[in-house]
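The values are calculated or read from the model by the stated rules, or taken from the named source; none is laboratory data. All figures in this text were calculated on a predicted structure; none of them were measured in a lab. Please note: Cβ atoms are built from the backbone with ideal geometry, for glycine as well, and neighbour counts cover all protein chains shown.
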Amino acid sequence: MASPVTRLILIFLLSFSGVTMGQELPPVINFDPIEYGAGNQNWMISQGEDKKIYVANGLGLLEYTGTSWNLYPVPNKTIVRSVKVVEDKIFTGAYMELGY
């Protein structure tokens with residue numbers, strides 16, 4: 001017969017099993033450069049209030065709507081290295097380029 005201490009430890013461990021099973025990892029989706037139609041190097045990511053995701057990419061600014069990708073190249077065709085969404089403006093930075 002199990003001792004009271006062993007029973008107490010078993011009850012203690014079983015009480016946490018339900019809590020730990022509820023801690024799942026969020027789904028992670030990897031996108032291939034062929035899918036989003038741009039370069040293979042992404043520098044920065046920002047999400048807008050409209051839930052769109054903006055990515056600073058080697059070929060320009062990428063916008064992901066949840067279903068499709070749009071590429072917006074910068075005028076001098078340089079690498080976009082930074083992007084930040086502030087309220088309804090999308091700020092981007094590239095070599096000799098800064099704007100929204």
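Values computed for the structure shown
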{"read-out": "Neighbours by Cβ (under 9 Å, 6+ apart or cross-chain): first from the range 33-44, assigned to a loop (DSSP other than H, G, I, E, B); second surrounded by fewer than 14 Cβ atoms within 10 Å (Cβ to Cβ)", "value": "Asn40/Asp32"}
{"read-out": "Extreme residue, farthest from the chain's Cα centre (by Cα), among residues of the range 77-92 that are free of Cβ contacts under 8 Å to residues at least 24 places away in the same chain and surrounded by 14 or more Cβ atoms within 10 Å (Cβ to Cβ)", "value": "Thr78"}
{"read-out": "Answer residue from the range 14-38, given it is at pLDDT 80 or above and hydrophobic (A, V, I, L, M, F, W, C) and is farthest from Leu59 (Cα to Cα) among those", "value": "Leu25"}
